[in-house]
Amino acid sequence: MISTRFAPSPTGRFHIGVARTALFSYLWAKKNKGKFILRIDDTDKERSQKVFEEEIEKCLTLLEIKADQKFRQSERLERYKEVVEFLLEKGYAYRCYCTPQELEKYRQNALKAGLTPKYPRTCRNAGIKNLPYAVRFKVPDDILEVKFQDIVMKTIKVETTEIEDFTLMRSDGSPTYNLASVVDDADFKITHIIRGADHISNTPKQILLFSILGWVPQFAHLPLILPDEGDGKLSKREEFSKSIYVYDLIIKEGFLPEAIINHLARLGWAYGDKEVFSMQELIELFDITQVNSSPARYNFKKLYWLNSYWLKTISDDEIIKRLYIFIPDEFKKSFEDKREKIKKIMPQIKTRVRTMIEMKDMIIPLLNLEVYDTEGIKKFFNKTGENILLDFKRFLSEDGKFDSFLKQASERYGTRTVDVAQTIRLALYGKLVSPPLSDIIYVLGKEEVESRLDKAISMIRHTLSS
């Protein structure tokens with residue numbers, strides 16, 4: 001059975017790079033009716049934080065990436081010690097008594113000699129001493145190179161002379177990444193390790209250890225993700241105009257999970273010219289063997305395009321349901337009261353926005369009107385504007401056509417029909433860009449329309465008299 005794992009470290013925020021790794025691992029397992037495991041790599045006690053683990057789980061839930069099993073490495077410390085004892089007993093590892101100061105001296109000497117720093121095997125034959133020690137893997141002398149066929153990056157080989165006797169367990173008894181990761185992957189029978197290309201350097205070491213434990217999985221190292229422009233690696237340490245953190249993209253910037261999943265899937269993989277995929281389509285079509293080894297580009301224009309598509313595609317009921325969480329608490333009751341009316345104008349709203357935040361911003365003036373657009377006040381809240389609003393208030397009690405009113409008011413006051421409409425729009429909505437006026441009037445209802453007209457008229461009169 002195909003088994004994959006997603007193994008994030010809770011030492012930082014959940015960004016698009018790890019999200020893509022999670023997605024590709026999930027898709028490959030589900031396509032093959034296999035198992036997808038979530039493993040929290042939390043052995044770094046100093047840097048691991050509960051808040052980051054919670055964010056990992058929140059983001060996976062938002063993206064609808066569901067794990068069949070979850071565990072933490074901190075729950076398996078005894079197992080790692082057990083494997084280390086086995087390796088020591090069989091001669092695959094040895095105790096290293098070198099102090100941090102000695103190790104730093106070896107490193108500095110290598111650098112001065114123009115060499116890549118590498119542990120000089122000082123303690124390989126040191127025997128047992130009554131001193132603190134770390135445990136190192138004994139790289140075999142009879143193996144000249146480690147060669148493997150990466151699913152994405154193709155043939156990779158490394159001479160064992162380039163591999164140092166790497167640390168398995170630190171002197172404080174904590175396991176290193178290479179030990180814990182390999183033991184877990186072997187114990188849980190992970191068939192495909194899908195991860196970022198930055199892990200390639202660890203792979204030869206891990207293969208040596210896997211071979212001893214009797215389980216060598218296949219590897220698929222995903223290409224780098226580049227920013228919109230330039231050739232530098234997309235980095236969470238840099239300042240970007242838009243977030244690369246998944247939680248912020250969804251909750252703070254209003255991108256739909258469907259759009260993010262869609263864009264992530266295309267970062268290194270494609271299916272012909274097809275641009276849009278549902279999760280189910282991705283499960284059916286995704287093929288890890290077709291992932292490109294070249295760096296992928298994180299394109300915000302494409303993400304906006306995909307988000308606009310999914311906003312229009314997802315049902316109005318579902319969008320209304322999702323929109324609720326973006327509405328400030330003080331306006332939630334008004335939103336509930338107008339829910340059915342807002343739902344009816346939702347098709348018009350969807351064509352005017354790209355994100356849920358933009359949608360929220362377009363809906364709020366229908367729930368509460370506190371301020372008016374400054375430029376609009378200067379241009380339309382004058383004596384002519386007052387007369388237009390008074391006429392419009394009288395018009396509401398008549399059974400006339402709105403277009404006819406605009407034309408008549410335009411002729412009466414010697415102004416353009418668009419300016420008449422903008423005056424009314426500003427009074428009812430507070431902004432000069434809005435849903436259609438007819439939709440605003442429908443959602444507000446006659447009583448609230450009249451109330452907002454009175455408020456605007458009062459403001460104009462106060463301004464003119466001061």
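General remarks:
- When the test is whether a residue is of a type outside the set (Gly, Ala, Ser) and either in a helix (DSSP H, G or I) or farther than 27 Å from Ile194 by Cβ (or both), Glu64 does not pass it.
- For the criterion of being surrounded by 10 or more Cβ atoms within 10 Å (Cβ to Cβ) and outside any strand (DSSP E or B), Val139 passes.
- Looking at region 398-466, the helices (runs of 4 or more DSSP H) lying wholly inside it that each contain 2 or more residues that are among the β-branched types (Val, Ile, Thr) and within 28 Å of Glu340 (Cα to Cα) sit at 417-429, 437-465.
- Single match in Tyr429, Tyr442 (criterion: of a type in the set (Phe, Trp, Tyr), under 28 Å from Lys312 (Cα atoms) and touching a Lys or Arg at 6+ places or on another chain (Cβ under 7 Å)): Tyr442
- Evaluation of Thr116 against (1) among the hydroxyl-bearing types (Ser, Thr, Tyr); (2) modelled with pLDDT of 95 or more; (3) surrounded by fewer than 16 Cβ atoms within 10 Å (Cβ to Cβ); (4) outside any strand (DSSP E or B) (one fails), failing number: (2)
- Top-ranked residue in region 266-295 [being under 16 Å from Ala22 (Cβ atoms) and touching a Lys or Arg at 6+ places or on another chain (Cβ under 8 Å); ranked as surrounded by the fewest Cβ atoms within 10 Å (Cβ to Cβ)]: Ile283
- Hey, Ile357 surrounded by fewer than 19 Cβ atoms within 10 Å (Cβ to Cβ), touching a Gly at 6+ places or on another chain (Cβ under 6 Å) and part of a helix (DSSP H, G or I) or not: yes
- Comparison of Ser25, Ser3 shows that the only residue that is modelled with pLDDT of 95 or more, farther than 21 Å from Glu281 by Cβ, of a type in the set (S, T, N, Q) and in contact with a strand residue (DSSP E or B) (Cβ under 6 Å, 6 or more places away or on another chain) is Ser3.
- In the condition set (1) of a type in the set (A, V, I, L, M); (2) within 30 Å of Met279 (Cβ to Cβ); (3) free of Cβ contacts under 8 Å to residues at least 24 places away in the same chain, Leu111 is compliant with all but (2).
- Subset of region 1-56 that is in a loop (DSSP other than H, G, I, E, B) and among the acidic types (Asp, Glu) - its residue that is farthest from Ile261 (Cα to Cα): Glu46
The values are calculated or read from the model by the stated rules, or taken from the named source; none is laboratory data. Just so you know, these numbers come straight off a predicted model, no measurement behind them. We place every Cβ from the backbone using ideal geometry, glycine too, and count neighbours over all the protein chains shown.
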